[in-house]
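*Asks:* I have a structure here, written as structure tokens, and I will follow up with some questions on it.
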Amino acid sequence: MKGDKIPNQHHITRYCQPKYILDGQIQPGAFKLRAGDESLSVDWLEFLNCSSRESEITKIRNIYFTRFRSVGASAKIAVLNVGEVRQKVLTESPDGRNLVVIHYPLIDDPSHSGIDNLKQNDELIAELILETVREAYSART
């Protein structure tokens, strides 16, 4: 439901634009807030109610193709565990940042969510989030 906190044991994905992919690897910039954004846009995998990771990724790809004007050939989908992201940032950021992951559904993306309590130009936090990436998939099939 809109505004619900996503449980620590659940997983989220982040669309990583081609400009944040170097030699096939996701770079920290993929996890920084864009100007004007209040939260880092992600999608809640368990909300999709799929039977496998493969079907979740297929559904996420379809959402991205509907939501974005284009999906770059080298774009990636990063899969993260909510609890791991929160714990890593809480224990390793200088200010003990407590991130919150909230469900913010959109009409064309019901699994849309956001990582809150980020600040503009949070390079260190972006690097910490990157370190928690469990899996990465091509955003295109």
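What follows is calculated from the coordinates using simple rules that are stated; it is not laboratory data. Predicted, not measured: the structure shown is a model, and the values here were computed from it. Don't worry about glycine lacking a Cβ; one is built from the backbone with ideal geometry, like all the others, and counts go over all protein chains shown.
*Asks:* Using DSSP to define loop residues, name the trypsin sites (Lys or Arg not before Pro) in the stretch 56-134 whose beta-carbon has at most 14 other beta-carbon atoms within 10 Å.
*Replies:* Here the sparse-neighbourhood loop sites are 69, 119, 134.
*Asks:* While we're here: Counting other beta carbons within 10 Å of each Cβ, put 93, 113 in order, fewest first.
*Replies:* Details: 93 15, 113 28.
Placing the least packed residue first, the sequence is 93, 113.
*Asks:* Treat each spin label as a single point 7 Å out from the Cα along the C-beta direction, and report the residue 25 to residue 70 distance in nm.
*Replies:* It works out to 2.7 nm between the two label points.
*Asks:* Separate question: Give me the extension gain from residue 59 to residue 140: residue separation times 0.36 nm, minus the current Cα-Cα distance, reported in nm with one decimal.
*Replies:* 28.0 nm
*Asks:* Determine the calculated [θ] at 222 nm for the chain from helices alone, applying -39500 (n - 2.57) to every DSSP H run no shorter than 4 residues and normalising by the residue count; nearest 500 deg cm²/dmol. Walk me through the numbers before you get to the answer.
*Replies:* Numbers: 3 runs with 34 residues, N = 141.
My calculation for the chain gives -7500 deg cm²/dmol from helical runs alone.
*Asks:* Give, rounded to the nearest 20 debye, the magnitude of the charge dipole that the chain has about its Cα centre when Lys and Arg contribute +1 at Cβ and Asp and Glu contribute -1 at Cβ.
*Replies:* 360 debye
*Asks:* If the elastic network links every pair of Cα atoms under 10 Å, which of 43, 122, 23 fluctuates the most in the Gaussian network model of the chain?
*Replies:* 23
*Asks:* Separate question: Could you work out the relative contact order of the chain? I mean the mean sequence separation of Cα pairs under 8 Å and 6+ apart, divided by the number of residues, in percent.
*Replies:* 38 percent
*Asks:* Scan (1) 49; (2) 28; (3) 35 for the value of percent of Cα pairs over 23 Å apart calculated from this model and give just the label.
*Replies:* (2)
*Asks:* Something else now. Using a Cα distance threshold of under 20 Å, what count of lysine pairs results for the chain when pairs must be 8 or more residues apart or interchain?
*Replies:* Lysine pairs satisfying the spacing and distance rule in the chain number 10.
*Asks:* With the chain treated as a Gaussian network of Cα nodes joined by springs under 10 Å, which of 115, 102, 63 yields the largest mean-square fluctuation?
*Replies:* Of 115, 102, 63, the Gaussian network model singles out 63 as fluctuating most.
*Asks:* With +1 on each Lys and Arg Cβ and -1 on each Asp and Glu Cβ, and nothing else charged, work out how big the dipole of the stretch 64-141 is about its Cα centre, in Debye to the nearest 20.
*Replies:* Dipole of the stretch 64-141, to the nearest 20 debye: 300 debye.
*Asks:* Which listed residue (133, 11, 22) has the Cα farthest towards the positive end of the charge dipole for the chain, taking +1 on Lys and Arg C-beta and -1 on Asp and Glu C-beta about the Cα centre?
*Replies:* With unit charges placed on the Cβ atoms, the residue in question is 22.
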